[in-house]
Amino acid sequence: AVVSTQSTGARVGRCFDDICCQSQTDNHTTSMYVARSVAQDVLGRHKVLQSEALLNACQVEGDLLYSPTLVALLQAAASGENKVFALIIVDVQNDFISGSLAVAEGEMVVPVINEMGPLFKHIYKTADWHPANHISFHSNVKKGLYETSARSNIKGCDSEMFQTVIVKGPPELKQTLWPDHCIQGSFGAEFHKDLKVFPGEVRVNKGMNSTVDSYSGFWDNGDTSHTPLFSMLLEHGVTDVVVCGIATDFCVGFTALDAARHGFRVVVVDEAIRGVMHDTSAGMVARCKAAGVEFTSCSNVPKLLQETDTSDTVERIFRVKKHFTVTDVNANQQYTPPVN
């Protein structure tokens with residue numbers, strides 16, 4: 001009854017709070033009905049959102065369906081908007097352009113990103129921010145700082161740069177061995193000097209846990225911890241993300257994949273990415289396309305940002321349907337990630 005007397009904006013806010021800020025005393029059924037109440041109200045007043053798929057997205061087999069795009073869509077509808085775009089600029093740092101792990105033609109992404117940046121209201125720059133004892137550094141594994149698993153074909157003491165080992169963990173994971181790079185506070189970890197600083201941009205550091213690598217701007221490689229990027233996108237009602245940066249076959253690709261599995265529409269800009277190796281980059285592009293990630297030219301970005309039809313968003317919510325558990329968003333936002 002309390003919900004029905006509030007404005008739509010307040011209902012959307014309540015929906016967002018209930019879904020994103022579950023405390024131990026909240027139960028999913030209550031939040032589910034709040035979500036349905038908001039969805040019904042919005043659907044009744046916004047013809048573009050009148051879809052049974054969206055309504056059904058609020059409830060799946062009696063449990064809460066947590067869809068970031070659903071929440072964002074409800075927020076956007078209440079505010080009179082349709083789609084909300086964000087630009088994610090991945091790891092345009094000195095070490096990946098001219099430093100210890102330089103990618104061929106890495107500097108070529110900078111002018112393209114500088115041209116696109118002013119078109120976006122929401123901009124996030126991810127950055128590797130590694131401690132000196134990071135597990136991805138060949139130097140650390142070689143000297144025995146991290147133990148390799150019995151299942152690893154290559155032992156740490158016998159390893160060479162760019163080989164892949166299995167580290168014992170926990171968690172036990174495959175790890176490519178890189179040169180020392182993007183060490184916290186170093187010149188190599190700074191953004192390239194020619195990359196513009198955009199109004200309101202947010203830096204998102206990753207790879208700060210010494211015992212697990214983090215290619216994605218969302219999650220570490222073991223899905224054990226995450227950055228604030230996901231919750232910030234939700235906070236601003238983002239429905240669609242445009243991804244660019246370095247490197248296609250690693251950090252760009254995994255950031256795009258994670259954004260897609262969270263339900264966002266993902267578009268990667270061809271001229272604004274570069275990869276470490278051609279074969280692995282081609283493989284990552286194929287993998288991303290299979291996950292629904294789109295690739296486009298920078299010349300198409302202005303037209304892309306004019307899109308308002310949310311029907312693709314609604315259908316994507318219906319298809320993606322990801323269950324995941326949410327505890328207190330203020331307590332380090334401990335989400336259980338959606339499965340691939």
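The values are calculated or read from the model by the stated rules, or taken from the named source; none is laboratory data. Computed from a predicted structure; not experimentally measured. All Cβ positions, glycine included, derive from the backbone under ideal geometry; neighbour counts span all protein chains shown. These accessible areas exclude ligands, DNA and RNA; they are computed on the full protein's heavy atoms, side chains included. Shrake-Rupley method; radii C 1.70, N 1.55, O 1.52, S 1.80 Å.
Rg/Rh for segment 135-288 stands at 0.98; both radii use Cα atoms, and Rh follows the Kirkwood definition.
Here residue 173 sits with roughly 50 square angstrom of accessible surface, probe radius 1.4 Å.
These residues, 287, 261, go from largest to smallest accessible area, 1.4 Å probe, as 287, 261.
Whole-percent P(r), segment 176-219, all Cα pairs, 10 Å bins from 0: 20, 51, 25, 3. Excluding ligands, DNA and RNA, the accessible surface per residue across segment 156-272 is 36 Å² with a 1.4 Å probe. Sorting 248, 224 by accessible area puts them as 224, 248; the probe is 1.4 Å, largest comes first, and only protein heavy atoms count. Across segment 68-227, Cα pairs under 8 Å and at least six residues apart give a relative contact order of 26 percent. Projecting label points 7 angstrom from Cα along Cα→Cβ for residue 270 and residue 307 puts them 1.7 nm apart. On full extension, the segment bounded by residue 104 and residue 201 gains 32.3 nm, given 0.36 nm per residue less the C-alpha separation.
Rolling a 1.4 Å probe across all protein chains gives residue 115 an accessible area of roughly 140 Å². Extending 7 Å from the Cα toward the beta-carbon at both residue 291 and residue 224 defines two label points whose distance is 2.0 nm. Of all DSSP beta bridges confined to segment 127-278, the antiparallel ones make up roughly 40%.
Ranking of 193, 168 by solvent-accessible surface, largest first: 193, 168 (1.4 Å probe, protein heavy atoms only, all chains present).
With R₀ set to 35 Å, the beta-carbon distance separating residue 193 from residue 151 gives a calculated FRET efficiency near 0.20. Residue 280 exposes around 60 Å² of accessible area when a 1.4 Å probe is run over every protein chain in place.
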